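Here's the structure, in structure tokens; my notes come after.
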Amino acid sequence: MQILNDISENLQKGKAKVVKELVQTALNEGIAVKEILGSLLDGMGVIGEKFKNNEVYVPEVLVAARAMNMGTQILKPYLAENGVEAVGRVCIGTVKGDLHDIGKNLVKMMLEGKGLEVIDLGTDVAPEAFVKAAIENDCTIICCSALLTTTMGVMEEVVKAFNEAGIREKVKIMIGGAPITQEFCDKIGADAYTPDAATAADKAVEFCKR
Amino acid sequence: MTKREIVIQALLHKETLNVPYHAEFTLQEYENMVNYTKDKNFFDEYEGYLHYAQYWGYPTELPDKKEHFKDDFGVTWNRSGADKDIGVVDNPVISEPDISLYPTPYLNEKRIREECENLLKTKGDKFCFVGIGFSMFERLWSYLGMEDALIYMITDKEFVHELLDKICEFNLKVIDIFNEYPFDGIYFGDDWGQQRGMIMGAPLWREFIKPRMAKMYARAKKNGKFVLQHSCGDIQEIFEDLIEIGLDCYQTVQPEIYNLTEIKEKYGDRLAFWGTISTQQDLTNKTPEELKEIIKKTVAIMKKGGGFILAPTHAIPQDVPPENVIAMLNEFKKY
């Protein structure tokens, strides 16, 4: 359908206002909510792939995500009644002591771009706050971010806190940020490290499908 | 040869008998080192080859808000997290893409001059230079917040150009003051890199940042000063651009990001490298013995033909064991 292609194309260009208008038009024309949402996710998927391949950079991701938000805001009231469910639910935050959020926000945008529901815990998040949020929101995954070598150690405490709370088996723990490596992920017993936001979203979808 | 002469030779890509080196510390790591060595002046023994200071608007702690520092640009930095040296922007000073909201910064010329004079008085025989931190992109995002700064690069280009022009104009005034003093170089701090690739990508960097850096480099070079540029992360994509606009030395050179052999071969005869010893991975995680081996191998790659200042890739953070710092510094002195 042309209008769905147009939504995807305009989202990729970051044309937020156009996307908003097109989504409204599509709704008015009676196109299924699920299909409209699909066109938004399709556009964001293209941006994610291009981001992974260094064909686009953070600014392009940000404007595309903003356009997607404009579209999903319009769809939101109709999602539940049309039986459209999120792919999964994720709690995300930057770990305690670390106030940096651009990386965490990028991952959040990419996760939403894959149709996941994301609960953003912000920055400076204590291990017990991750546990509490995961229980309260019945999350499948938690994503922990750190920019500093001096704060990445908190991720190990997060893993321990989930063990102690007895919910480690129920929740996948994903980690990321500049100093993080696969070796570190293995050492602390987290479930996945991904080097960029788009790959993180792919991994999260994979976890939700299992 | 004095230390200054050795650094100049290195920057001119001439191999010297000794490899110049440098190290600096975060406030917290310096304290750790003082506690470990029980010597407030522990670093005197290792005296590096560089002597410099950076201007970035003198962030001063707010009397009514602990661990929050306001600079001369009107930006408040929250340092209540683990990072006590820089912090994060507390709230954007410019809330919309409207150039009339630009707050003219306070140019504290008296203090800048005092610091220049002090720096020169204390330089000894080292290579002495002065810098502007947060010199372009970082100043932009400190005004706007990182996400809006990047978004406006696409949605409000004219506004971003106007704001960057103002930032550049201010910096040129600071450079003119620096140029009145006999410094050996001028240093610019501005992070453009991520762990992989550039934050804004090379095309937007070329559109927005490059022309202004070129202006600032040219002004610095007017008096024959060397130009040194700091950027964390991966900016290999723009090495040729930086060489083209006159950069002499690039600082950080994170070995977990760059293939040192490759960059030395491709750019090493035209661009000097300062850094290469990883604060992000090696200094934190390796043993003193392993570190010595890493330094030895790194020097073997980088020393050839000059163009190299051996140093940690960043101010050493507080999670680096003091034993590693001492081992590193002793190894540095060998070359």
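The values are calculated or read from the model by the stated rules, or taken from the named source; none is laboratory data. In this text the structure is predicted, and so the values were computed from the model without any measurement. Here the Cβ is made from the backbone with ideal geometry for all residues, glycine too, and neighbour counts use every protein chain on show. Keep in mind that these areas ignore ligands, DNA and RNA; they rest on the heavy atoms of the full protein, side chains included. Shrake-Rupley method; radii C 1.70, N 1.55, O 1.52, S 1.80 Å.
Of note:
- Taking label points 7 Å from Cα along the Cα-to-Cβ direction, B:Asn91 and A:Leu27 give a separation of 3.2 nm.
- A:Met1 sits with roughly 130 Å² accessible to a 1.4 Å probe, with DNA, RNA and ligands left out of the calculation.
- Accessible-area value, A:Lys108, 1.4 Å probe, nucleic acids and ligands omitted, Å²: 50 Å²
- Summed over both chains, the accessible area lost when A and B associate is about 2100 Å², using a 1.4 Å probe.
- Antiparallel bridge percentage (DSSP; both residues within chain B; nearest 5): 25 percent
- What you get for the protein assembly as shown, charging only the Cβ of Lys and Arg (+1) and of Asp and Glu (-1), is a dipole of about 880 debye around the Cα centre.
- Straight-line reach from A:Lys203: taking Cα to Cα under 16 Å and skipping same-chain neighbours fewer than 8 places apart, the lysines in range are A:Lys52, A:Lys104, A:Lys108, A:Lys114, A:Lys172.
- Listed values for segment A:189-196 are Karplus-derived 3J(HN,Hα) couplings in whole Hz (6.51 cos²θ - 1.76 cosθ + 1.60, θ = phi - 60°), namely x, 7, 8, 7, 10, 10, x, 8, and x replaces Gly and Pro.
- Taking all protein chains together and a 1.4 Å probe, the residues B:His13, B:His314 rank B:His314, B:His13 from largest to smallest accessible area.
- Across the accessible surface of chain B, with the other protein chains kept in place and a 1.4 Å probe, carbon and sulfur atoms take up 49 percent.
- Surface/4 of the Cα convex hull for segment B:115-238, nm²: 8.0 nm²
- Dipole size of segment B:224-266 about its Cα centre, with +1 on Lys/Arg Cβ and -1 on Asp/Glu Cβ: approximately 240 debye, rounded to the nearest 20.
- Chain B: equivalent-ellipsoid semi-axes (sqrt of 5 x gyration tensor eigenvalues, Cα, Å): 31, 23, 20
- Inter-site label distance for B:Asp125 and B:Leu27 at 7 Å from Cα along Cβ, in nm: 3.5 nm
- Short-range pairs are left out: with C-alpha atoms under 8 Å and at least six residues apart, the relative contact order of chain A is 19 percent.
- Residues whose amide H falls under 5 Å from that of B:Val320, counting only those 5 or more places apart or on a different chain, are absent, with hydrogens built in the peptide plane.
- For chain B, the residue among B:Ile263, B:Tyr217, B:Gly307 whose Cα projects farthest onto the positive side of the dipole built from Cβ charges is B:Gly307.
- Karplus (6.51, -1.76, 1.60) ³J(HN,Hα), θ = phi - 60°, over segment B:142-151, in Hz, Gly and Pro reported as x: 5, 6, 10, x, 4, 5, 5, 4, 6, 5
- Cross-link table B:Lys126/B:Lys334; A:Lys160/B:Lys40; A:Lys17/B:Lys65; B:Lys70/B:Lys121; B:Lys110/B:Lys334, entries beyond 30 Å C-alpha to C-alpha: A:Lys160/B:Lys40; A:Lys17/B:Lys65; B:Lys110/B:Lys334
- Calculated from backbone phi, Karplus (6.51, -1.76, 1.60) coupling profile of segment B:120-133 in Hz, x at Gly/Pro: 5, 5, 9, 6, x, 9, 8, 6, 10, 8, 9, x, 10, x
- Amide proton proximity set for A:Leu116, modelled H, under 5 Å, gap of 5+: A:Val87
- Value at 222 nm in deg cm²/dmol, rounded to 500, when DSSP H runs of n ≥ 4 in chain B each add -39,500 (n - 2.57): -12000 deg cm²/dmol
- The alpha-carbon atoms of chain A define a convex hull whose volume equals 113 cubic angstrom per residue.
- Overall dimensions of the protein assembly as shown by Cα: Rg and Dmax, Å: 24.6, 81
- Charge dipole (debye, nearest 20) of chain A; +1 at Cβ of Lys and Arg, -1 at Cβ of Asp and Glu: 100 debye
- Estimated 222 nm signal from helices in chain A, with DSSP H stretches of n ≥ 4 weighted -39500 (n - 2.57), rounded to 500: -18500 deg cm²/dmol
- Degrees, to the nearest 10: A:33-52 long Cα axis against longest axis of chain A: 60 degrees
- Accessible surface of chain A, 1.4 Å probe, proportion on carbon and sulfur as whole %: 47 percent
- Between helix A:16-28 and chain A there is an angle of about 60 degrees, using the helix long axis and the longest principal axis of the Cα atoms.
- Between A:Glu157 and A:Met1, the simple label model (points 7 Å from Cα in the Cβ direction) yields a spacing of 5.0 nm.
- Amide hydrogen proximity for B:Phe25: with H placed 1.01 Å from N in the peptide plane, the residues at 5 or more positions away or on another chain lying under 5 Å are B:Ile316.
- For segment A:76-140: relative contact order, % (alpha-carbon pairs under 8 angstrom, 6 or more apart): 42 percent
- With Cα atoms as the point set, segment A:145-202 shows a radius of gyration and Dmax of 11.1, 31 Å.
- 0 to 90° range, to nearest 10: angle between helix B:288-302 axis and chain B longest Cα axis: 80 degrees
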